[in-house]
Every structure is written in structure tokens, then in C-alpha cells.
1. What does the accessible area per residue of the stretch 270-407 come to in Å², with a 1.4 Å probe and no ligands, DNA or RNA counted?
2. Once you order the gyration tensor axes a ≥ b ≥ c over the Cα atoms, which shape class does the stretch 153-304 get: rounded for a/c under 1.5, otherwise prolate or oblate by comparing a/b with b/c?
3. Using helices alone, what [θ] at 222 nm do you get for the chain, with -39,500 (n - 2.57) per DSSP H run of 4 or more residues, divided over all residues and rounded to the nearest 500?
4. Ordered by packing density, taken as the mean number of other Cβ atoms within 10 Å over each peptide's residues, highest first, how do 218-231, 166-179 rank?
5. Any chance you could check the Cα centroid distance between the stretch 2-67 and the stretch 397-430 for me, in angstrom?
6. If you project the alpha carbons of the chain onto their three principal axes, what span does each projection cover, largest first, in Å?
7. Computed from the mean reciprocal separation of all distinct C-alpha pairs, what Kirkwood hydrodynamic radius does the stretch 240-346 have, in Å?
8. Taking the Cβ of Gly382 as the centre, find all other residues whose Cβ is under 11 Å away and add up their charges (Lys, Arg: +1; Asp, Glu: -1).
Amino acid sequence: MAKVKFFGEESIPLEMHKVRIVQKLNLPPVERRLEAITEAGNNTFLLRNADVFMDMLTDSGVNAMSDQQLAAMMIADDSYAGSATYTRLESKLNEIFGMPFFLPAHQGRACENILAQVLVSPGSVVPMNYHFTTTKAHITLNGGTVEELVADAGLEVVSVHPFKGNMDVAKLRDVIGLHGVDKIAFVRMEAGTNLIGGQPFSVQNLADIRRVCDESGLMLVMDASLLADNLHFIKEREEACKDLSIREITRRMADLCDVIYFSARKLGCARGGGMCIRSEELYRRMRGLVPLYEGFLTYGGMSVREMEALTVGLEETMDEEVINQGPQFIGFMVDELVKRGIPVITPAGGLGCHINAMQFVDHIPQAQYPAGALASALYIAGGIRGMERGTLSEQREPDGSELFANMELVRLAMPRRVFTLSQVKYAVDRLEWLYANRRLIGGLVFTEEPEILRFFYGRLAPVSDWQNELVAQFRKDFGDSL
Ligand SMILES: *Cc1c(COP(=O)(O)O)cnc(C)c1O
């Protein structure tokens with residue numbers, strides 16, 4: 001894709017694959033969309049797929065698989081213990097990351113559970129570039145706290161910084177000094193930093209963090225769930241890595257880490273997860289929890305078919321032409337939105353396109369969840385399901401007060417190799433309409449608020465009649481069109 005130039009003026013991302021299996025989609029009329037989002041309590045997690053046209057909720061477990069992955073699933077070796085499938089997966093991970101020990105888990109958060117149970121205790125501090133929802137939940141559940149040390153550029157919505165996921169090295173030194181080495185459970189670097197817009201860190205930054213860890217005898221843990229996107233950006237943007245292969249860059253990163261864990265729902269385009277571990281002592285401490293929470297050590301809650309698909313998917317991740325498709329589609333969508341003046345995080349990151357709701361609906365106070373309201377409005381406008389990534393996705397403070405998020409984003413994930421360019425253009429069109437009518441959008445209020453991870457299944461209602469007004473405007477502008 002990157003290597004193909006167009007003769008004409010238009011330069012669009014070109015797919016380096018062809019579609020061989022398709023799934024029919026349904027686009028219900030706007031009145032039904034209003035009904036559906038009301039039934040879902042204005043929470044896009046609670047919509048039913050049958051009501052969704054473009055599912056941009058997540059890139060988790062919904063990436064298109066390759067013919068080679070599907071073929072590999074047929075030779076999976078079904079056995080509780082000692083499966084040849086497991087051996088193939090373990091060797092592939094060992095080949096790619098060069099770490100001697102591996103523990104399988106059913107998905108990324110399961111790795112976080114085990115890591116936190118073993119390494120975090122009451123009073124522990126975990127410095128990281130930025131938190132992920134499930135990561136933070138597991139750390140706090142075990143009595144620890146999270147210190148977010150992303151460099152200031154990471155939180156600037158509009159930027160040309162190539163590595164907004166970088167950690168601020170000086171801040172790390174300060175935090176270690178402040179709490180003392182003994183309190184620090186480990187240092188965590190998240191590749192393709194999810195909640196700030198799928199933004200990468202550089203190999204140089206990882207090396208700098210490693211140096212600080214070495215000075216203090218701290219462990220460096222990488223969350224590699226979104227490593228594929230991060231690798232693509234390093235290859236594109238980091239001068240020192242320009243001539244390295246994706247495999248070489250991966251190894252260079254892995255060599256700097258003590259533990260690499262991942263969600264295989266993203267990395268490797270399958271479903272599952274696991275932890276690659278350098279120290280035998282740590283491996284032994286963590287191992288006991290795998291049979292307890294996940295399954296026996298040679299499957300860890302994954303089906304053997306998924307493990308085969310993952311093994312192939314990991315190998316395919318080492319192919320530049322495979323991992324660049326997602327980021328390039330996202331880059332296209334972000335460019336189109338910027339051209340239309342729609343506020344979006346720049347530069348384009350991996351995993352999806354992130355609409356800046358703080359600006360899009362700047363008339364909605366943070367206490368009325370602007371990003372949640374925009375996600376609900378976008379579903380009404382186009383049957384497009386995005387995800388709130390703002391205050392709603394935070395947990396309340398221990399005293400019950402709201403913790404206002406740094407950013408109010410609607411994430412429109414781009415599942416890898418799933419959508420066509422015309423579908424992406426449709427999403428841009430509906431966003432353009434919504435932006436022209438943004439003053440119609442109002443806030444949301446909780447009607448049912450769970451205590452933990454409330455964004456997954458909490459229910460909300462509009463603060464006024466704004467949703468009916470939005471539907472009326474849609475009918476006025478689009479006639480009887482879907
Ligand atoms: C998705 C994700 C996780 C959690 O993985 P699951 O498989 O969904 O449990 C952890 N960290 C990051 C950065 C992620 O994107």
C-alpha cells in the first residue's frame with residue numbers, strides 16, 4: 001500500500017488484500033435507530049449488532065482474519081495438556097520477542113489481573129505512559145495507584161508530534177524519587193496508547209525509560225496489545241529505525257522489556273492473550289494463577305483454533321503491508337475530517353479515529369458526558385457505533401465525585417481490514433452532517449450507574465428532548481433516505 005503511487009491527483013489507501021467472505025449489513029431507518037439507542041440506555045455497548053450498520057465500537061476481536069489464519073485453525077491439536085498447537089504458539093512468540101517464558105491467558109485483562117495480583121500490593125505505585133481502563137481497574141483493585149507520565153504533547157489534541165505516547169523521562173525520575181523505589185511495582189509502557197488516540201511511543205523513548213529502570217532496579221512491562229500500529233509508526237516516523245524490518249524493530253523493543261503482555265483480540269487478529277516473561281523467578285510466581293483463573297498452562301482459556309490463528313497472525317504482524325492497512329485507513333479518515341473542520345485528534349493514530357467531543361459539542365458540560373452524548377447522536381445519525389472515551393469511562397473518586405477525563409473522545413475504531421473505503425466515506429459524511437447540526441445535541445444523565453467499569457453497562461437518558469429534534473432534522477435533510 002505505502003509503496004504504490006497514484007498517477008492522478010487522488011491518493012487513497014490501496015488495499016493489499018482481497019475480500020473472500022462477506023457479511024451482509026443492516027441499516028435500520030433513523031426512527032428505529034432512536035428506538036434502539038433508547039433501549040440501549042444511550043450506551044453503545046448495549047446496542048444489538050442487528051441494529052448497527054458500521055460497528056466502530058472496537059478493534060477488539062473483530063479484525064478480519066486471513067485465509068492462512070483460517071486454514072491453520074483446521075489443524076489445531078485439541079488436547080487439554082501438551083497440545084502441539086500450544087508449542088507452535090510458544091515457539092512463535094519466543095522467535096519474535098526472544099523471551100524464554102510464556103503464559104497464556106484468555107484475553108489482555110486476564111494478564112493484567114495476574115500481573116497485578118503478583119506485583120501490586122496496597123500502597124504500590126505503577127508509573128505508566130497512560131492507563132488503559134482494565135489495567136487501572138486491576139491495579140486499583142489490588143490496592144495500587146497509577147501515575148500517568150505521558151509527555152505533555154500526548155495530551156494536546158491537535159499536534160504534529162510523531163510520538164505522543166512517549167513517557168516523560170524526567171517525570172518518571174520524579175515519581176520514583178517521590179514514592180521511593182520500593183513502592184514502585186513496575187513501570188508500564190503501553191504501545192499504541194489506547195485512550196489518548198492510539199498514539200505510539202518511539203524505540204528511543206523506550207530505551208530512555210529502560211535506562212531509568214536499570215538505575216533503580218525496576219521492571220519494565222510493555223502492554224503490546226496495540227503493538228502492530230506502534231510498529232507501523234516507528235517504521236514510518238523514527239529515523240533510526242527506517243532501515244530496520246518490522247521484525248528487527250520488534251526485537252529491539254522486546255529486548256528492552258522484562259514482561260510483554262498482550263490482548264490477542266488486537267495483536268495477531270485472533271482472540272486470546274498472553275504474557276512473555278524474561279525472569280524465571282517471576283514466571284514461577286505468576287504461573288500458579290493461570291490454572292486458577294484461565295485454564296491449564298497449555299491453553300490458558302484460549303481455544304486451540306484461536307491459538308493456531310494467533311500463531312499465524314503474529315507472523316503476519318511482522319509484514320509491513322499487513323500492519324499498515326489499519327493506520328492508513330485511519331489516516332485517510334482523519335484527513336477527510338480535518339478538511340471539513342471537524343475536531344479530531346491529530347496526528348492520526350492507530351486503532352481508530354478519535355473525535356474531540358470537548359470541541360464538537362462544546363456546549364455540553366463534562367458532567368453531562370459530551371463524548372457519550374456524541375456517540376449516541378452519531379448512532380442516530382448514521383447507524384454508526386462508536387465508543388465513549390471520556391469522563392463516562394472513568395471511575396468516580398472514592399468520595400463519589402466525578403473524575404473529569406483529560407479528554408472527551410468518541411473513538412471510531414477501524415477494525416483491521418474490515419471496512420471498505422466507501423463505508424469510511426459514509427461515516428465521514430454522517431459526521432459532517434452531525435457537525436453542521438451539533439447545536440441540536442444535548443447531554444446525558446445516568447439512570448443506572450454500576451460502581452465498577454460503569455461505561456460497559458451503565459444506562460443513561462437524554463437531559464432534554466434533543467434526540468427527537470435530531471431525528472426530525474435528519475428527516476428534513478435526507479427525506480426518506482436511510
Ligand atoms: C484491549 C486492551 C487491553 C485489554 O485486552 P482485552 O483482550 O480486551 O482484555 C489492555 N491493554 C490495551 C492497551 C488494550 O488495548
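1. Working: 4370 Å² over 138 residues.
Ligands and nucleic acids excluded, the result is 32 Å² per residue.
2. Values: a/c = 1.82, a/b = 1.22, b/c = 1.50.
Note, shape of the stretch 153-304 comes out oblate.
3. Details: 19 runs with 193 residues, N = 482.
Dividing the helical sum by the residues of the chain leaves -12000 deg cm²/dmol.
4. Working: 218-231: 26.6, 166-179: 17.2.
Taking the mean over residues of other Cβ atoms within 10 Å, the ranking is 218-231, 166-179.
5. Result: 13 Å between the Cα centres.
6. The principal-axis extents, from largest down, are 66, 53, 45 Å.
7. On the way: mean 1/r = 0.0603 Å⁻¹.
Radius from the Kirkwood sum: 16.6 Å.
8. Values: positive: Arg33, Arg385, Arg430; negative: Asp429, Glu432.
After counting each charged neighbour, the total is +1.
The values are calculated or read from the model by the stated rules, or taken from the named source; none is laboratory data. The structure displayed is predicted, hence computed values, not measured ones. A quick note on method: Cβ atoms are made from the backbone with ideal geometry, for glycine too, and the neighbour counts reach across all protein chains shown. Protein only, heavy atoms only, side chains kept; ligands, DNA and RNA dropped before computing areas. Shrake-Rupley method; radii C 1.70, N 1.55, O 1.52, S 1.80 Å.
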